[in-house]
Amino acid sequence: MTFDRPYEYDDGAGLFLVYEAPLIALAERLGIPLAYATTTDVARERRLLEGAAAVLSLGHDEYWSPEQRAHFTAARDAGSNIAVLGANCCFRRIRLEPSELGPDRTVVCYKSSYDQDPGFRRGQPATVDFRAAPGADPESSLLGVIYDGYPVDAPYVVTNPGHWLFEGTGVKAGDGFAHLVGVEYDKVDTGFPTPRPIEILAHSPVVCEGRPSHQDTAYYTVPSGAGVFATGTMRWVEALDATGDGRSGANHGLDSRAGALTTRVTENLLRVFAAGPAGKTQPARDNVASVYGGS
């Protein structure tokens, strides 16, 4: 892929209006100070995230370079909170190469065919999934959750209603919100590297291409004090704009209940994350065993 080509969408905005604009509008209404950076900025500038109270990844942020991931991880380990308001994040390992128009204009990703990657043959990291060999480093070690599948359309089911992120929502255990899980989803899977303690807030049954599974929303904290939150569903930011009964089909059928839930949770998240390392005031309390019945 190259950044030299124009967007395929008529308005030139890509999916910005679906996956990013509603969150920006909410943060501005709350008076949360924002700064903006592209993924190539983060990859190129090692110190760009230094001092950030929080770093947010929105929507469908799938393709990451090793440099970008290293800089996110360093920010977390220095106390910056991280929020992933989407799903399928940090899944593909890429390399940025120049084009005729300048540096870092071409995204290289050979996916499962690393042996065909000329850069890999020259000694560069393989452009395959982060969880795949060679050099496997599953995204869960940073995000807490791991990508589990596509496509799904399922209710979002609350598991931990007493969590501080649900404050003011009035939710109860087992409450469901139609269509909020989709179209890709993540889960907590301790078969992969998973930071602990980690709290599961929502644990939603899904069936993906005939395979039963679950979607999870999760929050963990680390010794630096940073908190890391992952929605585990790609529709989170889109739901911020959801109104009505959902029958019009807009926003994948998301209704005002989903809009109210995601708005209040996101408000709670932004206020706490903007105040500094969330783990110092809101440490995670591990509940994986009670949700999954294992370790």
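Since every read-out is calculated from the coordinates, none of them should be taken as a lab result. Only a predicted model underlies this, so the values are computations on that prediction, with no experimental measurement involved. Neighbour counts run over all protein chains shown; Cβ positions are idealised from the backbone, glycine included.
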- Task: Counting only C-alpha contacts under 8 Å and six or more residues apart, can you give the relative contact order of segment 132-247 as a whole percent?
- Result: 28
- Message: Rounding to the nearest 10 and keeping the result within 0 to 90°, find how far the Cα-based axis of helix 21-30 lies from the longest principal axis of the chain.
- Response: 60
- Given charges at beta-carbon only (K, R positive; D, E negative), |dipole| of segment 204-290 in Debye: 220
- Hey, got the dipole for segment 137-228? About the Cα centre, +1 on K and R Cβ, -1 on D and E Cβ, debye to the nearest 20? 260
- Note on the structure: Residue-normalised 222 nm signal for the chain, counting each DSSP H run of n ≥ 4 as -39,500 (n - 2.57), nearest 500 deg cm²/dmol, is -6000 deg cm²/dmol
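What order do you get for ASP11, ASP153, ASP216 when you list them from fewest to most C-beta neighbours inside 10 Å?
ASP11, ASP153, ASP216
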- Task: Specify which residue in the list VAL42, PRO118, LEU96 is farthest towards the positive end of the charge dipole of segment 16-118, using unit charges on the beta carbon of Lys, Arg (+1) and Asp, Glu (-1), about the Cα centre.
- Result: VAL42
- Query: In degrees between 0 and 90, to the nearest 10, how far off the longest principal axis of the chain does helix 66-77 point, with axes built from Cα atoms?
  - Reply: 40
- Message: Using a Gaussian network model on the chain with a 10 Å cutoff between Cα atoms, which of GLY102, GLY244, GLY279 fluctuates the most?
- Response: GLY102
- Item | Cα coordinate range in segment 12-74, projected on the principal axes (Å, largest first) | 31, 27, 16
- Query: Relative to the compact globular guide of 2.2 N^0.38 Å, what is the alpha carbon radius of gyration of segment 59-128, as a ratio?
  - Reply: 1.24
- Message: Quick one: 3J(HN,Hα) in Hz for segment 202-209, Karplus 6.51/-1.76/1.60 with θ = phi - 60°, rounded, Gly and Pro as x.
- Response: 9, 9, 10, x, 9, 10, 10, 6
- Message: Along the Cα→Cβ direction, 7 angstrom out, place labels at PHE3 and ARG29. What is the inter-label distance in nm?
- Response: 3.1
- Task: Starting at the first residue of segment 279-285, write each ³J(HN,Hα) from the Karplus equation 6.51 cos²θ - 1.76 cosθ + 1.60 with θ = phi - 60°, in whole Hz, x for Gly and Pro.
- Result: x, 6, 10, 9, x, 6, 10
- Query: How many angstrom separate the Cα center of segment 40-54 from the Cα center of segment 88-155?
  - Reply: 20
- How are the C-alpha pair distances of the chain spread across 10 Å bins, as whole percents from the shortest bin up? 6, 27, 37, 23, 6, 0
- Contact order relative to length for segment 1-118, counting C-alpha pairs under 8 Å separated by 6 or more residues, stands in percent at 25
- Message: Using a Cα-Cα cut-off of under 28 Å, which lysines could be cross-linked to LYS111, ignoring same-chain neighbours fewer than 8 residues away?
- Response: LYS187
- Query: Which loop chymotrypsin sites (Phe, Trp or Tyr not before Pro) in segment 12-104, with loop taken from DSSP, have no more than 14 other Cβ atoms within 10 angstrom of their Cβ?
  - Reply: TYR36
